[in-house]
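This report concerns only the one structure given below.
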Amino acid sequence: MSAPVRIGVDFDNTIITYDDVFLTTARAWGLIGPDFTGRKQAIRDAIRMLPDGEISWQKLQGQVYGKGLAQAAMFDGVDAFLRRCRLSNVPVAIISHKTEFGHYDPDRVNLRDAARAWMSQRGFFQDSGYGIPPEAVYFEGTRLDKLARITQLGCTHFIDDLDEVLSDPGFPPGVERILFSEAGPVSTSCIVCPTWRHIEEQVFRAGR
């Protein structure tokens, strides 16, 4: 790479996938049938159709993002991408809009601490793993704060699963916006990559 690169990446539903945890927990709680299959969005849509469905969905989120987070998985390809960043001396910052506590969570599990523990257990901060400094993980209380952090850190690329973040009018100009999505974007302001392999190719493309 000829130009300095600094990667910013979202956490929830970008690095980490909760699909299996949502499915098993929703079945256990009787919110969906035992034969129901689908990813997070399909589960959410089904639950929201129930009486008090929105509250049930909020409670389920509190469980999954708190106590259930330990069972969540990393998306295929993240491991290879982060290892390549380390080998290429490309700094990575994780910048996420994440509240400290979930709604309707009677146990008051600290969601930020749970996320950091998940990352620690998977070698994010270890020299033998991805070598990301713990202080390079930022959990922001609002989207505005998230965008300000991207600007402050001087990210050259930012990877997110939400088009509304990348197309926000406050998103810093000059940052390459990469949307991690199997569907096309609502806007035309970003590059769509359906897999982390595609993201790796986009970031490390020849001739950079």
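The values are calculated or read from the model by the stated rules, or taken from the named source; none is laboratory data. All values derive from a computational prediction rather than experimental measurement. Using ideal geometry, Cβ is built from the backbone for each residue, glycine included, and neighbour counts are taken over all protein chains shown.
A few comments on the model shown:
- Residue check for residue 116: closer than 17 Å to residue 75 by Cα, free of Cβ contacts under 8 Å to residues at least 40 places away in the same chain and either assigned to a loop (DSSP other than H, G, I, E, B) or among the charged types (D, E, K, R) (or both): yes
- Across the range 63-99, the qualifying residues are those that are of a type in the set (Val, Ile, Thr) and in contact (Cβ under 8 Å) with a residue 60 or more places away in the chain, and the one among them that is nearest to residue 16 (Cα to Cα) is 78.
- Residues of the range 89-108 that are part of a loop (DSSP other than H, G, I, E, B) and either on the phi > 0 side of the Ramachandran plot or in contact with a Phe, Trp or Tyr (Cβ under 7 Å, 6 or more places away or on another chain) (or both): 89, 98, 102, 104, 108.
- Per the conditions (1) outside the structural domain of residue 199 (by TED's automatic domain parsing); (2) surrounded by 17 or more Cβ atoms within 10 Å (Cβ to Cβ); (3) of a type outside the set (A, V, I, L, M); (4) out of contact with any Leu (no Cβ under 7 Å at 6 or more places or on another chain), the sole criterion not satisfied by residue 67 is (2).
- Residue list for the range 45-101, filter: aliphatic (A, V, I, L, M) and closer than 21 Å to residue 5 by Cβ: 78, 80, 82, 87, 90, 92, 93, 94, 95
- The one condition in (1) over 17 Å from residue 203 (Cα atoms); (2) among the aliphatic types (A, V, I, L, M); (3) out of contact with any His (no Cβ under 9 Å at 6 or more places or on another chain); (4) surrounded by 15 or more Cβ atoms within 10 Å (Cβ to Cβ) that residue 165 fails to fulfil: (3)
- Yes/no for residue 137 being buried (at least 17 other Cβ atoms within 10 Å of the Cβ), over 15 Å from residue 15 (Cα atoms) and β-branched (Val, Ile, Thr): no
- Of all residues in the range 46-62, those being out of contact with any Asp or Glu (no Cβ under 7 Å at 6 or more places or on another chain) and either in a loop (DSSP other than H, G, I, E, B) or touching a residue at least 24 places away in the same chain (Cβ under 8 Å) (or both) number 10.
- Unique residue being at pLDDT 95 or above, crowded, with 19+ Cβ neighbours inside 10 Å, outside any loop (DSSP other than H, G, I, E, B) and not aromatic (Phe, Trp, Tyr) when the list is 150, 132: 150
- Within the range 20-30, at least one residue is within 21 Å of residue 120 (Cβ to Cβ), surrounded by 16 or more Cβ atoms within 10 Å (Cβ to Cβ) and not polar (S, T, N, Q).
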